[in-house]
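Participant: Can you read through this structure? Questions will come right after.
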Amino acid sequence: MNNLTRIDIKYLHGVGPKRAEILEKELGIRSYYDLLYYFPFRYVDRSTIYNIGDIVASSDMPYLQIRGRIISYSTHGEGMRKRLTAAFSDGTGIAELVWFNNIRRVVEMYPPGVEFVVFGKPTIFNNRLSFAHPEMEKAGPATQAKGFEGVYNVTEKMRNRYFVSRNICQLVDTLLANIRTITETLPPDIIATHHLMGLHEALVNIHRPASLDALNRAKFRLKFEELFFLQLNILRYTRMRNAKITGFRFTTVGEKFNDFYFNHLPFPLTDAQKRVIKEIRQGMNTGTQMNRLLQGDVGSGKTLVAFMIMLIACGNGFQSCIMAPTEILATQHYETISAMAEKIGVSVRLLTGSTRKAARDEIHSMLLDGSLDILIGTHAVIEDNVRFANLGLVVIDEQHRFGVAQRAKLWKKNTTPPHVLVMTATPIPRTLAMTVYGDLDVSVIDQLPPGRTPVTTLLRYDNHREAVNRFIGEQMKLGRQVYIVYPLIHESEKSDLKNLEEGYEYICDTFRSRKVCFVHGKMKPAEKEFQMKLFVSGEAQIMVATTVIEVGVNVPNASVMVIENAERFGLAQLHQLRGRVGRGADKSYCILMSQPKISKETRQRLELMTETSDGFLIAEADMKWRGPGDLEGTQQSGIAFDLKISNLATDGQIIQLARDTASALLEKDPELALPENSRLNRHLHFLFDKTVNWSLIS
Ligand code: ADP
Ligand code: MG
């Protein structure tokens, strides 16, 4: 199998250097292997030839083929709108074939009276069955028995050069005819247990299905294989990490925790908070290092959880630190946490890029002599010059850009690596978590504290702008603050910034008596902080911003969030943005502004936002609509992978099966050292050696 990667695609009969270049540039196909794993995205049934008279007209007819002769041609329209139609008859009825370009060539290629097989997706036009730009082929004895055929994605560039799905089909046929056997990658017992199709047969059938059933079995086999190796890789990594790296045992919750819990809790914990604290506490007492993801919707109370588990670290004689992505967030955490810590005699300090030298020096020495219990800050807290006497726990807040490699860096902060808790408000569907964050344990806060009024979400079109402006004005009269968010489509492009700047001017112009601040990602950090502070302090009533505000800022007095061009945002992102309001006692609003001309699907997506505030539901829907690749965080997790056939949104059951199977295999053969697993081990290395940096744990 692996040698197929070494054969350059240009050596395949029918390719040659020119097409090889196109294949590589447009589809990333370089070798025989790449072509073999370039799967069709759908299939057409070419086993049947329909009678025109038997086709039942409907609004969505499938691709099908008919066989007959062109009776006559005629042209209609002028210039750009010119089109050619042909009346096509098979004796049972007449269909219309239509072409909008290459008209002269069509007439030459398909002369009337010659028998053709016509293939395409019919529509109804002028009460007639109509095929636009159909595929045509001279009828011959072989036409009847074509069976299923794969349809491959090709790019616009390829189409312009007449390099289409059909051509890929032919290349794949040639390739399959050339390869004698494709070596199996899975061990026989796994194949037997799950009744899997063999690899060779599966690859043949994924391109050229013998039947619908064979196609389904081929798909299942290839999805299973893909997910199995992915899980095997993740689980092997996790096992090696746990075997090599011991963790601190936090055997007690300690006095500070109990003092806080019994005497100073600001409000009763939700059941979900209690449960995750318990889970985390157990995770810090297993003897291995904890690596855990804590998920909880915006406002679910993660900070309090973080604080309480830091108290556990403290009670066991360890220091902890909490890291936030921005200075503002770090400062907010510091204010919340130091207020609680003060009551129970736990020391807390804030360290950010703007901490003065004297304070910084003091923090450094307090860390080293052990008198500082909790350090809060930005990335500054993990810089090399920050050394701890005994760091036992690191909490990373709102930080999905914290991958395996960064986590590994933390491990050097103590002779034994500290426990790590990554907190995120991005709801991650289970299947995705199992894959992207497959090396982490997961805890979920699935409940909001009582008494929250959900944010009222409205969908408004651009022609309602004046009414929306009036509403914003009224809210500000009531003393509230307002966010107005603009999308950046390509962060780097000037035109987007212009868009935002125009928006800013428009807002300043519309609300002249109000102070408006302005924040975007391309600003210098100091300027950004300054603008943010204007809003946090209440000096500015309106903040015009890009999505930079999506991460955790807490301004309870802000009760309106207007999102411009909401149709351009992903749902998960809209949900995050919406989470910025509804944090105080006031009734809060999120107004999704959209162009009136949007597709039905887009409208449905936006309407879903107005109907639910359930982050998980929204994340699932987002993943189904946009695919997991687009979900924030998937690219940054540090475990790189590329799914060719499986779909994290819909293949949850196969993911679970693959994970269980991989786990059972490692249970039996942790090092993959048994002879029957040697081939599998080689394949695993072939797939992942480039993507995982093993040196981190070896
Ligand atoms: P997030 O999970 O988004 O980080 P926070 O930790 O900022 O949420 O909490 C949001 C708000 O909810 C804070 O004002 C916090 O004080 C409050 N809160 C947290 N836990 C509870 C609780 N159990 N009961 C009531 N309010 C709570
Ligand atoms: Mg938070």
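Participant: Over all directions, average the projected area of the Cα convex hull of region 1-126 and note it in nm².
Facilitator: Computing the convex hull of the Cα atoms and averaging its projections yields 11.2 nm².
Participant: When the Kirkwood hydrodynamic radius is evaluated over all pairs of different C-alpha atoms of region 215-255, what value in angstrom, to one decimal, is obtained?
Facilitator: 13.2
Participant: Hey, another quick one. Counting heavy atoms of the protein chains only and a 1.4 Å probe, report the per residue accessible area for the chain as a whole number of Å².
Facilitator: Counting only protein heavy atoms, the per-residue value for the chain is 47 Å².
Participant: Additional query: Pick out, in residue order, every one of the GluC sites (Glu not before Pro) in region 19-125 that is DSSP loop and has at most 10 other C-beta atoms within 10 Å; say none if there are none.
Facilitator: 78
Participant: Calculated FRET efficiency, residue 255 and residue 686, Cβ-Cβ r, R0 45 Å, to nearest 0.05?
Facilitator: Efficiency for this residue pair is about 0.25.
Participant: Report the label-to-label distance for residue 42 and residue 57 in nanometres (one decimal), using points 7 Å from each Cα along the Cα→Cβ vector.
Facilitator: 2.2
Participant: Leaving out same-chain residues fewer than 8 places away, which aspartates and glutamates sit with a Cα under 14 Å from that of residue 522?
Facilitator: Of all the aspartates and glutamates, those that pass the test against residue 522 - Cα under 14 Å, at least 8 places apart if same chain - are 491, 493, 496, 501.
Participant: On full extension of the chain, what length is gained from residue 212 through residue 74, given 0.36 nm per residue of separation minus the C-alpha to C-alpha distance? Spell out each step's value before the answer.
Facilitator: Values: separation 138, 0.36 × 138 = 49.68 nm, distance 3.95 nm.
Here the segment from residue 212 to residue 74 would lengthen by 45.7 nm.
Participant: Kindly state, to the nearest 0.05, the FRET efficiency for residue 510 paired with residue 624, given R0 = 41 Å and r defined as their beta-carbon distance. Write out the running numbers ahead of the final one.
Facilitator: Numbers: r = 38 Å, r/R0 = 0.92.
Step by step, r from the Cβ atoms, then E = 0.60.
Participant: Give the whole-number value, in cubic angstrom per residue, of the convex hull volume spanned by the C-alpha atoms of region 36-91.
Facilitator: Details: hull volume 9.7 nm³, N = 56.
In region 36-91, the Cα hull volume divided by residue count equals 174 Å³.
Participant: Any idea how far apart residue 458 and residue 82 come out in nm if each label point goes 7 Å out from Cα toward Cβ?
Facilitator: So the two model labels end up 5.3 nm from each other.
Participant: Residue 668 versus residue 126, label points 7 Å from Cα toward the beta carbon: distance in nm?
Facilitator: 6.7
Participant: Let me ask something else. Could you give the radius of gyration (one decimal) and Dmax (whole number) of the Cα atoms in region 424-480, in Å?
Facilitator: So, for region 424-480, Rg and Dmax equal 19.2, 50 Å respectively.
Participant: Could you pull the Cα extents of region 323-479 along its three principal axes, largest to smallest, in whole Å?
Facilitator: Principal axes ranked by extent give 61, 42, 29 Å for the Cα atoms.
Participant: In Å, the Kirkwood hydrodynamic radius of the chain over pairs of distinct alpha carbons? It would help to have the intermediate numbers written out before the result.
Facilitator: Details: mean 1/r = 0.0338 Å⁻¹.
This gives a value of 29.6 Å.
Participant: With a 1.4 Å probe and every protein chain kept in, tell me what percent of the accessible surface of the chain is carbon plus sulfur.
Facilitator: Values: 16470 of 32570 Å².
Heavy-atom surface of the chain belonging to carbon and sulfur, 1.4 Å probe: 51 percent.
Participant: Sticking with this one: Select from region 436-531 those trypsin sites (Lys or Arg not before Pro) which occupy a DSSP coil region and have at most 16 other Cβ atoms within 10 Å, ordered by residue number.
Facilitator: Within region 436-531, the qualifying trypsin sites (Lys or Arg not before Pro) (loop, at most 16 other Cβ atoms within 10 Å) are 452, 512, 514, 515, 522.
Participant: For the chain, take the longest principal axis of its alpha carbons; what is the angle in degrees between that and the long axis of helix 525-536, to the nearest 10 within 0 to 90?
Facilitator: 70
Participant: Now, a different point. Volume per residue, Å³, of the convex hull around the alpha-carbon atoms of region 266-412?
Facilitator: 115
Participant: Subtracting the Cα-Cα distance from 0.36 nm times the residue separation, let me have the gained length for residue 177 to residue 524 in nm, one decimal.
Facilitator: Value of the extension gain: 119.0 nm.
Participant: Do the alpha carbons of any pairs in 357/524; 219/668; 278/413; 357/477; 157/597; 82/600 sit beyond 32 Å of each other, and which pairs?
Facilitator: On the way: 357/524 21 Å; 219/668 28 Å; 278/413 26 Å; 357/477 43 Å; 157/597 28 Å; 82/600 30 Å.
Too far apart for the 32 Å limit: 357/477.
Participant: Measure nothing fancy, just the Cα-based angle from helix 327-343's long axis to the longest principal axis of the chain, in degrees from 0 to 90, nearest 10.
Facilitator: 40
The values are calculated or read from the model by the stated rules, or taken from the named source; none is laboratory data. Quick caveat, the model's predicted, so the values are computed rather than measured. Note that we place each Cβ from the backbone using ideal geometry, even for glycine, and neighbour counts take in every protein chain shown. These area figures cover heavy atoms from the full protein model, side chains too; ligands, DNA and RNA do not enter into them. Shrake-Rupley method; radii C 1.70, N 1.55, O 1.52, S 1.80 Å.
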